[in-house]
Structures are given as C-alpha cells and as structure tokens.
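Let me begin by presenting the structure, written as structure tokens, before commenting on it.
The values are calculated or read from the model by the stated rules, or taken from the named source; none is laboratory data. Keep in mind it's a predicted model, so treat the numbers as computed, not measured. Cβ atoms come from the backbone with ideal geometry, glycine included; neighbour counts cover every protein chain shown. Note: areas computed on protein heavy atoms with side chains; ligands, DNA, RNA excluded. Shrake-Rupley method; radii C 1.70, N 1.55, O 1.52, S 1.80 Å.
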Amino acid sequence: MSDILSELDWRGLYADSTDRDALAKRLAEGPTTLYAGFDPTADSLHVGNLVPLLALRRFQRAGHHPIALAGGATGMVGDPSGKSDERNLQTPDQVAHNIAAIRGQLTKFLDFDAAANPARLVNNGDWIGPISFLEFLRDTGKYITVNSMVAKDSVRSRMEDRGTGISFTEFSYMLLQGYDFFHLRKTYNCELQVGATDQWGNITVGTELTRKKLGATVWGLVFPLLTKSDGSKYGKTATGTVWLDPKKTSPYRFYQFFVNADDADVVKLLKTLTFLSREEITALETELTANPGARAAQKALAREMTTLVHGPEALAAALKASEILFGGSLEGVTEAIFNDVVGEVPTKDLEKVRLEGPGAAIADLIVQSGLEASKGAARKALEAGGIYLNNVRVPDHTRTVTVADLLFGKHLLLRKGKRSYAVLTVK
C-alpha cells in the first residue's frame, strides 16, 4: 500500500485526524473502507465538493475501498456547519430530484467496476428513513451528551448569535451523520470518514457513537477548506457558484474559472485538485516563478480540471472558445461554443432589416457596437487595418455587411485591434 497520508501532507490535504499514528498503522496493514458524504442541497455538486470527492478517488487509487454517500436523509435536515443562519428546508421531491442529479456526477469520479476495490454509492435515506423518532432517541441519542454537542464549533457559534440561534432540527444533524458512520461500520466495515475541517464536529460524533455502540475503533480525517490566498472560499465568482453540471456552468466558463486563478493560489490548486505528479507540479511552479506571464501553471490546472470533470471533448471545445477571444478562426465553432463567448463580451441588439438588400456600412456597425464613438474614428480604424468582422480583418472601409455575414443566422462578432470585442445580435 502506498503512503497515502504522506501524499496528503505534501498536497496540503491533511488538516487533522482523530489519531494519526493509529490510522497510519491501520492503513499500512492493508486496504480499508472509507466514506465521504454529499448532501443534495442543489441539483449539482460544485467546485467546493471536489476536495472530498477527489480524496475518495486518491484513496481508491491507493488500493482502498471508497463509499460515496448521498444524503437523502441528512439533506432533509440541513447541516449547520459553516452556516450563520438556518437553511430553508427542502421538500422530499426536491431532495429526490437533487439526489438523482448528483448520483450521476459522483459516479464519474470513482471506479465502480474495479476488480479489487470497486467504489460504492449509498443513500442514507435508505437506513435513516425507516427509523422512528422514539427508536432514534432511545438507541442513538442516549449515547451522545448534549454537553459534547454544544461544544462543537458549528453549534456553539450559532448559539452565541442571539439573533439567529439554532433550531432543534439542525442541532440534531450531527446525530444523523454520526449514525451514518455507525451504520457503515456495521454494514460495510467502514473505518474512516473524510471531509473538510468544518465537518470535524460531525465526524467525531460518528467515531464516538461507533465506539460506544459497537465497541469498534474508527477514524476521522479532515482536509483544509478550499480557500483563496485572501481567505475567501474558492469556487465562487462574481456571478455565483462554479458548478460541475455543464448546464449550470459551461465547460468554457469552467475552464476560464481555473485559467484565471491567481498566481498566489495556482500551485496549491494543482496540488489539491489534480493528479499531476510531484515532479510535474514542481516543474510548473518553477516555470511560474521564471515566467508568470505565460500562465503555464494556470493553463495546466484548467486543462486537468476540465478534462477530469467534463472530459477531453469538452476541453477541446473550451479551448476553441478561448481561442475566439484571441483572434482564432471561427471555422468549426458550434453555436453552443459561440454562445459561451457572447456572454464574455459587450452585446447589443441589431435590427435584421438593416442587413437586408445591400446591407449596412461596416463603419455604422462599429459605432453601434461601441467599439468607436464616431463614424470618422471607425473609418480611421478601418483604413489602418484594425477592424475584424467574425475574426477576419476587414480590408476595405467601404465594405457592407449583409445577412450572409451573420453567424448562426443571428450574430456579428466585431473586433478592434487585438482585444476589444463586441457582438451585435439580430432581434
């Protein structure tokens, strides 16, 4: 067995564990079963879920048996960890829909057909749902003291907020997650739970409950939260969350999110999110220091993550879309790819009738797009050879534009110089 803990150390993925020495000894003895939980709070996982999900994959590659747990029961309650106020409770139909959506995403990252150590996908609604309230109080609640629950950071911080507080519903969440660990130990001999540091309180409830109910030792291991160098959570942009579902965050925007990573963050992200080797990452770090303008580390990160999450074909499409904004040819570009680009540049409406018959003067369209303020300035830019229509230089300032020039029957892509773009879209 490879030394998975040393690997996690080097990648910055080890924050704490319940007993590192004992866990290291157990991992050295042979394969173990571990799990990470994913609550269906939305119909897609997001970038922040990648660290625990990829951790399961790292353990599987090291020979261990991973379990991905979809929280059909816990998703009905809501985890207070890292939250300053109560979540809005989801309906059973919402949870069922979200579970179905994220199940498909979970299966993309783990090998469920491996001969020696296939991954397993479970839903805690299957075993928590049938338990009555009285059964849970008697058979589980009596093993965990309120004193220890109140001492957990996720609970204490909310109790100290007199304006918000914490409901009994969310207060009970850690008991449900603790019961998951007990059930998985009893059913699948699961000995390790992994998660981010905000899950520490929930994980330790599980280790304590399993010890008291089964007399068995299990371990918890947590990773640092994925944050930027300024301390803010990674995976958010000005426009919102970066999702793994290509319908919610297109592969192009996903690629752009990673290719725009700050120099201060990119090496950490290469270590925590990719499967590149130590030698490959060290070489990229050296290149980043020597030539930061080339952004080789960011491009490697974006390539690896887009391929991992969306596949090689989506990466190729994202690269094609990226090339458009650097003057690349539009030949072979699909409408879906072009639509991604349209969202990146200023876009204005254009009446189609203006392009019918002899068409509209290119200078007029340049002014309408906002690339130049006047027809005189537009003509000068045209005469200087600095105007491009659909990424092809316009050689003649008298050129007219007709419906035949429309991309996909609706768009005109205008460019001034190397980087100033605008799109006119027919109504």
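Could you tell me which of the residues 58, 26, 11, 20 is under 20 Å from residue 199 (Cα atoms), touching a Ser or Thr at 6+ places or on another chain (Cβ under 8 Å) and of a type outside the set (A, V, I, L, M)? Show your work before the answer.
Numbers: 58 fails: touching a Ser or Thr at 6+ places or on another chain (Cβ under 8 Å); 26 fails: under 20 Å from residue 199 (Cα atoms); 20 fails: touching a Ser or Thr at 6+ places or on another chain (Cβ under 8 Å).
Of the residues listed, the single one that is under 20 Å from residue 199 (Cα atoms), touching a Ser or Thr at 6+ places or on another chain (Cβ under 8 Å) and of a type outside the set (A, V, I, L, M) is 11.
Residue under question is residue 363, and the condition is that it be closer than 17 Å to residue 422 by Cβ, of a type in the set (Gly, Ala, Ser) and touching a His at 6+ places or on another chain (Cβ under 8 Å); does it hold? So that I can check it myself, show each step before the final result.
Details: closer than 17 Å to residue 422 by Cβ: yes; of a type in the set (Gly, Ala, Ser): yes; touching a His at 6+ places or on another chain (Cβ under 8 Å): yes.
So residue 363 fits the description; yes.
With open to solvent by less than 70 Å² (accessible area, probe 1.4 Å) and either under 13 Å from the mean Cα position of the chain (by Cα) or under 20 Å from residue 47 (Cα atoms) (or both) as the only criterion, which of 209, 244, 288 stands out?
Numbers: 209 fails: either under 13 Å from the mean Cα position of the chain (by Cα) or under 20 Å from residue 47 (Cα atoms) (or both); 288 fails: either under 13 Å from the mean Cα position of the chain (by Cα) or under 20 Å from residue 47 (Cα atoms) (or both).
The match here is 244.
Could you check, for the range 37-55, whether at least one of its residues is crowded, with 21+ Cβ neighbours inside 10 Å, of a type in the set (Asp, Glu) and within 18 Å of residue 201 (Cα to Cα)?
Yes, some residue in the range 37-55 is crowded, with 21+ Cβ neighbours inside 10 Å, of a type in the set (Asp, Glu) and within 18 Å of residue 201 (Cα to Cα).
Just a yes or no: is a residue in the range 359-372 under 39 Å from the mean Cα position of the chain (by Cα), surrounded by 12 or more Cβ atoms within 10 Å (Cβ to Cβ) and within 30 Å of residue 46 (Cα to Cα)?
no
Looking at (1) surrounded by 24 or more Cβ atoms within 10 Å (Cβ to Cβ); (2) within 29 Å of the chain's Cα centre (by Cα); (3) in a helix (DSSP H, G or I), which is the only condition residue 194 fails?
It is condition (3) that residue 194 fails.
Per-residue answers, yes or no, for (1) outside any helix (DSSP H, G or I); (2) out of contact with any Leu (no Cβ under 6 Å at 6 or more places or on another chain); (3) open to solvent by 40 Å² or more (accessible area, probe 1.4 Å); (4) of a type in the set (Asp, Glu):
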residue	(1), (2), (3), (4)
231	yes, yes, yes, no
248	yes, yes, yes, no
255	no, yes, no, no
264	no, yes, yes, no
275	yes, yes, yes, no
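Does residue 185 satisfy the condition of being touching a residue at least 12 places away in the same chain (Cβ under 8 Å) and either open to solvent by less than 10 Å² (accessible area, probe 1.4 Å) or part of a loop (DSSP other than H, G, I, E, B) (or both)?
Numbers: touching a residue at least 12 places away in the same chain (Cβ under 8 Å): yes; either open to solvent by less than 10 Å² (accessible area, probe 1.4 Å) or part of a loop (DSSP other than H, G, I, E, B) (or both): no.
So residue 185 fails the test.
Looking at the range 385-404, which of its residues are touching a residue at least 24 places away in the same chain (Cβ under 8 Å) and closer than 19 Å to residue 345 by Cα?
386, 387, 388, 389, 390, 391, listed by residue number.
Taking the range 40-64, which residues are of a type outside the set (D, E, K, R), in contact with a helix residue (DSSP H, G or I) (Cβ under 8 Å, 6 or more places away or on another chain) and not in a helix (DSSP H, G or I)?
40, 41, 42, 44, 45, 62, 64
If you scan the range 212-229, which residues turn out to be surrounded by 19 or more Cβ atoms within 10 Å (Cβ to Cβ) and part of a strand (DSSP E or B)? If you could, list the steps in order and put the result at the bottom.
Within the range 212-229, the first condition is being surrounded by 19 or more Cβ atoms within 10 Å (Cβ to Cβ), and the residues that meet it are 218-223, 226.
Residues satisfying the conditions are 219, 220, 221, 222, 223.
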